[in-house]
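Undergrad: One structure coming up, written as structure tokens, with questions to follow.
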């Protein structure tokens, strides 16, 4: 089986730079392109990136790339790849996804069928199995994906399993939760550091607060879940255990954090509390039922992060307008605090009553949203 792999970490549009930074921080050189971060590494790299990447969606192995303008080219291209280095005899290997964009081949089910046929033929040849006898698929699952963009095929294997945003702590969710990896990316884009107070005044099921606590304590986001590659028979389980043990050593459970979440809905606060408990963070985060406009504080240099319920998600337009206006009035006295507010409302600044210092376009699922950034006045902090 293979020692080193060409890898790609996928990300939501607008977040690839954050993922690129994370990959480099783990010690890997990478190239950042639209929604993708390319790098190379061994099995330990696959384990590390799955365990530690906070803002990515998935980590995939690139098995090969080749032009595919016809089904024959697709078949030969897939057949030529070294499948025997990834798929042991007896493993399941569904073609779980095919995506064709701006290409002559556009029938995705046919692309899946041809790819499957080519992989089967290659494995039959390599393992000296007769062509007429189907391969037994009873072992662990290796999910294969094909992407054809402008007649260029990329064939990949997913190492992650269910997407990386599924951290394993979300017991329940509210009406329109923000994905965990999106929340982590916004925290990375903000100017929050673990020694500053953090408040989410519309916390819902608590995602921002929980992700901030994981960052503040340097807890690997994947500590509470498993990944697809861990089931593969050829993967050395000791390497995975080593990476998990190292992550455990690096956690700072004694870090002192000041993280609070408020919500007007008491039911949401209960959900947030149970999610925090599942993540082992119930004594780190303060959740409280409170109206946004009742928020007051004497603390300085804090950060407010909010994903308020907006029209397309939960509230009617009138209620949203009132909420944004109240936000502007409530946050105005907090001169030293920075505010980061995520919404799809293009009139937000007008309703909030202040022009943002910076705006960043992101996608929450398929919904285009803007991250409005208001920076606080700097007060020098005295380091004791």
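Read-outs throughout are calculated quantities, based only on the coordinates presented, and are distinct from any laboratory measurement. Quantities reported herein were computed from a predicted structural model and do not represent experimental measurements. When we count neighbours, we look across all protein chains shown, and the Cβ atoms used for this are built from the backbone with ideal geometry, even at glycine.
Undergrad: Most exposed first by the Cβ proxy, i.e. fewest other Cβ within 10 Å, how do 290, 268, 327 rank?
TA: Lowest count first: 290, 268, 327.
Undergrad: Rounded, prolate or oblate: which fits the range 7-53, taking a ≥ b ≥ c as square roots of the Cα gyration tensor eigenvalues, rounded meaning a/c under 1.5, else prolate when a/b beats b/c?
TA: Judged from the Cα gyration tensor, the range 7-53 comes out prolate (a/c at least 1.5, a/b above b/c).
Undergrad: Run lengths n ≥ 4 of DSSP H only: what is the helix-derived mean residue ellipticity at 222 nm for the chain, with -39500 (n - 2.57) per run over all residues, to the nearest 500?
TA: Per the formula, -9000 deg cm²/dmol.
Undergrad: Can you classify the range 213-268 as rounded, prolate or oblate using the Cα gyration tensor, where a ≥ b ≥ c are the square roots of its eigenvalues, rounded means a/c under 1.5, and otherwise it's prolate if a/b beats b/c and oblate if not?
TA: Oblate is the answer for the range 213-268, as a/c is 1.5 or above yet b/c matches or exceeds a/b.
Undergrad: Here is a further query. Suppose we keep just the DSSP beta bridges with both residues in the chain; what percent of those would be antiparallel, to 5?
TA: Roughly 65 percent of the DSSP beta bridges within the chain come out antiparallel.
Undergrad: Classify the range 4-158: rounded, prolate or oblate, from the alpha-carbon gyration tensor (a ≥ b ≥ c, eigenvalue square roots; a/c under 1.5 rounded; otherwise prolate if a/b is larger than b/c)?
TA: oblate
Undergrad: Neighbouring Cβ atoms within 10 Å as the yardstick, rank 343, 330, 202 fewest first.
TA: 330, 202, 343
Undergrad: Hey, what did the range 4-158 get for relative contact order, percent, Cα under 8 Å, at least 6 apart?
TA: Once normalised by length, the contact order is 25 percent.
Undergrad: For the chain, I need the span (max minus min coordinate) of the C-alpha atoms along each principal axis, in Å, sorted largest to smallest.
TA: Cα extents, longest axis first: 75, 45, 37 Å.
Undergrad: Okay, moving on. Which order results if 305, 264, 379, 219 are arranged by neighbouring Cβ count within 10 Å, fewest first?
TA: Fewest-to-most Cβ neighbours within 10 Å comes out as 379, 264, 219, 305.
Undergrad: Something else now. Out of 132, 35, 77, any idea which swings most in a Gaussian network model of the chain, alpha carbons joined below 10 Å?
TA: Sorting by GNM fluctuation, first place goes to 132.
Undergrad: Determine the distance separating the Cα centre of the range 274-301 from the Cα centre of the range 57-114; give it in Å without decimals.
TA: Rounded to whole Å, the Cα centres lie 47 Å apart.
Undergrad: Only Cα pairs under 8 Å and at least 6 apart count here; give the relative contact order of the chain as a rounded whole percent.
TA: This gives 15 percent for the chain.
Undergrad: Shifting gears a bit: Pop the C-beta distance of residue 172 and residue 344 into the FRET formula with R0 = 25 Å and round what comes out to the nearest 0.05.
TA: 0.55
Undergrad: Can you give me the relative contact order of the range 116-220 as a percent, contacts being Cα pairs under 8 Å and 6 or more apart?
TA: It comes to 16 percent, rounded to a whole number.
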